[in-house]
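Below: the structure, in structure tokens.
The values are calculated or read from the model by the stated rules, or taken from the named source; none is laboratory data. In this text, all values refer to a predicted model and were calculated from it rather than measured experimentally. Please note: Cβ atoms are built from the backbone with ideal geometry, for glycine as well, and neighbour counts cover all protein chains shown. In case anyone asks, the SASA skips ligands and DNA or RNA and just uses the protein heavy atoms, side chains included. Shrake-Rupley method; radii C 1.70, N 1.55, O 1.52, S 1.80 Å.
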Amino acid sequence: MAERVRLVFGHDGVATITLCHPPLNIYDLDMRDGLIEAITAVRDVPDVRCVVLAAEGKHFSAGADLSEFGTAESIFDARRIRWDRDPWLPLVNLPVPTLCALHGYALGSGLEMSLLCDLRIASEDSVMGLPETKLGMLPAAGGTQSLTAAIGPVAALPLVLSGRNIDAAEALRLGIVAEVVPPDDLDSRTAELAGQLARIDQPVARALRRCLRAANDLPLSDGLAVERRSARLVAAGSGGKSPSP
């Protein structure tokens with residue numbers, strides 16, 4: 001696995017993927033490849049019941065390594081290379097709950113990474129933002145979609161258009177993060193939440209995530225149908241039958 005990323009499997013069913021490129025954990029192609037490898041490994045281990053995304057050092061991630069854009073023939077080629085080596089959909093499609101622990105800078109693709117997780121917890125020193133607009137770029141690691149899905153278009157639009165940074169308190173108010181804790185408590189609280197997620201019955205966890213995503217993706221009538229179907233499958237599974245994934 002690339003040196004930019006570390007994967008640890010815990011005995012409690014929690015797998016932790018850690019960004020290891022301090023101090024800023026700049027997101028480059030090596031980190032991208034490491035994430036793809038780690039996420040694929042987690043996906044293939046049936047005992048994993050929760051995934052934590054964390055980072056070493058003072059900051060979670062200050063975003064992409066912009067110097068790499070100059071190594072391709074054009075900015076379009078640089079973007080295509082990144083899209084061809086895409087860890088975002090594998091992260092979204094993991095079959096277990098995902099939790100991200102934010103601290104320090106969580107900017108650009110750093111924030112976008114976290115937005116593709118189910119839950120985010122942040123330390124009080126966190127600074128978040130999507131500055132790509134100010135650089136003449138789009139937040140194209142899913143930012144326009146994931147931020148809007150998390151907080152709605154009315155709240156997401158000014159953040160994306162302005163590219164301004166926000167602190168942890170504002171992120172909590174907007175609903176970007178579920179909880180804010182003192183920096184010294186981030187690791188312990190993350191472990192506590194991850195343990196709670198890992199104890200959820202796996203078919204129930206899968207069904208809940210499927211239903212909640214349907215609420216964003218489908219009309220209400222279709223979402224209710226997904227909920228009813230999922231509830232029946234879970235009930236059938238608890239009765240000895242094998243529900244569909």
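Structure values in brief
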item	result
Of all residues making up the range 136-158, the number that are surrounded by 13 or more Cβ atoms within 10 Å (Cβ to Cβ) and either in contact with a Cys (Cβ under 7 Å, 6 or more places away or on another chain) or in a helix (DSSP H, G or I) (or both)	12
The range 213-245 - residue that is surrounded by 13 or more Cβ atoms within 10 Å (Cβ to Cβ) and closer than 24 Å to residue 42 by Cβ and, of those, modelled with the lowest pLDDT	243
The listed residue being touching a Ser or Thr at 6+ places or on another chain (Cβ under 6 Å), modelled with pLDDT of 95 or more and farther than 27 Å from residue 210 by Cβ, out of 103, 59	103
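Residue-wise test of (1) closer than 27 Å to residue 193 by Cα; (2) touching a residue at least 60 places away in the same chain (Cβ under 8 Å); (3) open to solvent by 40 Å² or more (accessible area, probe 1.4 Å); (4) within 19 Å of the chain's Cα centre (by Cα).
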residue	(1), (2), (3), (4)
116	yes, no, no, yes
123	yes, yes, no, yes
126	yes, yes, no, yes
160	no, no, no, yes
